[in-house]
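Worksheet for the structure shown next.
No lab work stands behind these numbers, since they all come straight from the coordinates. Predicted, not measured: the structure shown is a model, and the values here were computed from it. When we count neighbours, we look across all protein chains shown, and the Cβ atoms used for this are built from the backbone with ideal geometry, even at glycine.
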Amino acid sequence: MTNQTRGSIIHLLPGIICFLIWMAAPVLAAEISGLDIMKKVDQLEDGDDQSSRAVYTLINRRGQQRVRNTVRFWKDYNGREGFDSKMITFFESPPDVKGTAFLSWSYMDEDRDDDQWLFLPALRKVRRIAAGNKDDYFMGTDFTYDDMGDRKVEEDTHTLLKSEPCGTDECYVVESVPKRKRDMYSKKITWVDSKRWLIQKVDFYDRKGRFLKTLTMVWQEVKGIWTWKRGEMKNHLSQHSTVIDVQEVKVNTGLEDRVFIERTLKRGMTF
């Protein structure tokens, strides 16, 4: 290459760089954001109501297992009377937890905490879960009371980190940082299937920034609605895990509002 040719190329470099940046700008501008992704996840159709049975398997670090059988009912309120959704779960076995029931009300207002109650049959008493106890673990599982409620997309700041293969799919990887400092988790990293907008995995980090838990999910489609088939929450610090196998899923059965009231906790499934 002659000095004259080299000089000509150097002279053209600024123009070439500007052209490449201009060409790339529409692509960058069109790239989906972390907030967009999590909104698509939140907007997935989940029906007017759902009912299902679930088997909880609690596994300690030595591999010992405890099994709990439950029935769950859920209803979408879609903003009616200020509610987002309501959910009630009954424990059917083993004998030491039979009759225990859990009720949760989630609101549209992102600044309002879920209302939650737990009925303990041995005490014949309904206990309200205080806001300060939402970080406690639910019935010996690796899910907290806060995990058992609904979380609004607006409660976190979402950043798209990258996209990468996950199984046979391509996933967006999104970091979500809570806007409220009192939250149990300092951040969550979520893998979202880019075709169906289903969450495949979530990594949880505690307030100290330690890698605390991982939730992995397998999905099933029931009458056009995607719902859990299996979920596993593994606590990396305690080496304890909880597996939830979901069965007998029914959707849009017309569940009445009276199912989701405090009185039902004591009465059980007599509705």
Anything over 23 Å Cα to Cα? Flag those among Lys39/Lys250; Lys86/Lys208; Lys40/Lys188, in the order listed. Lys39/Lys250; Lys86/Lys208
May I ask for the Rg/Rh ratio of the chain, computed from Cα atoms with Rh as the Kirkwood radius, given to two decimals? 1.12
Return Thr227, Thr70, Thr242, Thr57 ranked ascending by Cβ neighbour count within 10 Å, so the fewest neighbours appear first. Thr57, Thr227, Thr70, Thr242
Sorting Phe119, Phe90 on the 10 Å Cβ count, fewest up front, what's the list? Phe90, Phe119
Measuring from the longest principal axis of the C-alpha atoms of the chain, the long axis of helix 3-30 (C-alpha) lies at a number of degrees, nearest 10, equal to 20
Neighbour-count ranking for Tyr77, Tyr56 (other C-beta within 10 angstrom, fewest to most) reads Tyr77, Tyr56
